[in-house]
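I have placed the structure first, in the form of structure tokens, so that the comments after it can refer back to it.
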Amino acid sequence: MAVPMRALHADDEDDNPEHFAISATEGSTISMTIVAALEAAIPNIVDKQTVTVHILSATSRESSYMLLFEDLLHLLPRLEHIHVVLCGPNVFGPISQPLGEVGQDMEMDCCPECTSMGRRRSMAFFKGPYHEYAHKAAFKKPDLAVLFNSGKSQEAVETWAPTTRFLVDSAITTAYTTYTEREAMEEAAELEVLNARFIIRPEVNKWRGLVPWPELMEGEEHSSWYQNYYWYIFQGKQD
């Protein structure tokens, strides 16, 4: 995959067409980060025909960009079916779906070319913590679990602990992103206590969003954060 374009700067001209493409990375960072994580963690990903991705602590942000998950079908040519489960207490799923219940799989439309080739994408929702979803009969180990813009070292630390332990103990390939380097390093330190094995240690995610947002809480004056700025990937425990 090609390296993404540069980030926006404050002195850029407003009418530059490139800015529209840069703004689009606010959404494409989701699908591109997933593809990059699959490539980093699964050696034979280009040969897989079915991929399942679980998105942890999903909100309306991930739901609003669900159309972009078809990018996986376009970027992984042998892929025939992508299934995404959005999981979390605040997941933006069907209004009628009760808390703690697994929703029915929903078939989503694909572009005409993918449809003509019989390629599919589907999704499901679970309203509740991921470690509770793991005990449901419908749970199947995913190819990848993802938590975007985690923030779990900043709030609800104890609430996250059971999910973190489950992910490590079950050896689920997991990618986390954060807004800042400090968050990523704090979360990595927690995983080191659990003896987690890192596939990628915290680093800048080259598929982050490229729209700068002012950093008002920490960092140097006039500094910025980006969507999915830092990332890391872990799987199971060290030998």
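Quick one: what are the phi-derived ³J(HN,Hα) couplings along region 165-182, Karplus 6.51/-1.76/1.60 with θ = phi - 60°, whole Hz, x for glycine and proline?
The phi angles translate into 4, 4, 4, 5, 5, 8, 6, 7, 5, 10, 10, 10, 10, 9, 6, 9, 5, 4 Hz.
So what's the projected area for region 49-115, the Cα convex hull averaged over all directions, in nm²? Write out the running numbers ahead of the final one.
Details: hull surface 19.2 nm².
So the mean shadow area of the Cα hull is 4.8 nm².
For a quick protection proxy, order the peptides 28-38, 114-124 by their average other-Cβ count within 10 Å, most packed first.
Order by mean packing, descending: 28-38, 114-124.
Would you kindly state how much longer the chain becomes between Glu181 and Asn44 on full extension, computed as 0.36 nm times their sequence separation minus their alpha carbon distance, in nm to one decimal? Don't jump to the answer; show the numbers that get you there.
On the way: separation 137, 0.36 × 137 = 49.32 nm, distance 3.02 nm.
Once the chain is fully extended between Glu181 and Asn44, it gains 46.3 nm.
Where does the charge balance sit around Ser170 when Lys and Arg score +1, Asp and Glu -1, over other residues with C-beta under 12 Å from its C-beta? Mind showing how you got there, number by number?
Details: positive: Lys140, Lys141, Arg165, Lys237; negative: Asp169.
That sum, taken over residues with Cβ under 12 Å, equals +3.
Values quoted throughout were computed directly from the atomic coordinates according to the rules given, and no laboratory measurement underlies them. Owing to the predicted nature of the structure, the values given are computational and were not obtained by experimental measurement. No Cβ is skipped: glycine too gets one built from the backbone with ideal geometry, and neighbour counts run over all protein chains shown.
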